[in-house]
């Protein structure tokens with residue numbers, strides 16, 4: 001249900017930043033392989049996901065089946081997450097997710113059936129909200145235990 005996803009997003013915004021702040025820079029930036037993302041880059045990927053889903057959540061309310069896709073590897077590379085200060089990324093992740101939560105809490109229930117084309121398929125806003133939080137948790141668990 002959407003309400004459960006929103007409650008979970010609230011929980012993550014309230015608890016994850018403090019846990020991330022405890023991680024040292026070396027651990028956060030370590031790459032096991034040049035072709036794999038560091039924990040810092042995974043967090044950056046979650047920022048990119050928030051950015052693209054923000055478009056979906058907003059434009060899905062007033063555009064007829066908007067097409068909103070993104071290339072996650074290029075977004076990550078050209079946002080230079082590995083070179084940006086970890087604390088800045090943590091604060092940005094938190095602020096962006098709190099903004100998404102605020103938008104979604106205002107979204108009228110009737111809009112949850114609106115469709116957005118992700119490039120792979122047409123999805124309802126309800127599905128996208130639930131999928132966003134599931135995806136978020138999947139990657140947060142790659143960064144930190146909670």
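Structural remarks
- Filter pass, residue 93 being assigned to a loop (DSSP other than H, G, I, E, B) and within 23 Å of residue 146 (Cβ to Cβ): no
- Residue that is assigned to a helix (DSSP H, G or I) and either more than 17 Å from the chain's Cα centre (by Cα) or over 27 Å from residue 118 (Cα atoms) (or both), where the choices are 99, 7, 88: 88
- The condition (being under 30 Å from residue 23 (Cβ atoms) and out of contact with any helix residue (DSSP H, G or I) (no Cβ under 8 Å at 6 or more places or on another chain)) is satisfied by just one residue among 99, 142, 83, 130: 83.
- Residue that is nearest to residue 28 (Cα to Cα) [pool: residues in segment 82-118 that are surrounded by 13 or more Cβ atoms within 10 Å (Cβ to Cβ) and touching a strand residue (DSSP E or B) at 6+ places or on another chain (Cβ under 9 Å)]: 118
- Scan of segment 34-46 for residues that are modelled with pLDDT of 95 or more and either surrounded by fewer than 11 Cβ atoms within 10 Å (Cβ to Cβ) or assigned to a loop (DSSP other than H, G, I, E, B) (or both), ordered by number: 36, 37, 38
- Here residue 74 passes the criteria (1) surrounded by 14 or more Cβ atoms within 10 Å (Cβ to Cβ); (2) over 13 Å from the mean Cα position of the chain (by Cα); (3) in a helix (DSSP H, G or I) except the one numbered (1).
- Segment 14-27: number of residues that are under 24 Å from residue 101 (Cβ atoms), in a helix (DSSP H, G or I) and touching a helix residue (DSSP H, G or I) at 6+ places or on another chain (Cβ under 8 Å): 4
The values are calculated or read from the model by the stated rules, or taken from the named source; none is laboratory data. Remember, it's a predicted structure, so these values are computed and weren't measured experimentally. All Cβ positions, even for glycine, are placed from backbone atoms using ideal geometry, and neighbour counts span all protein chains on display.
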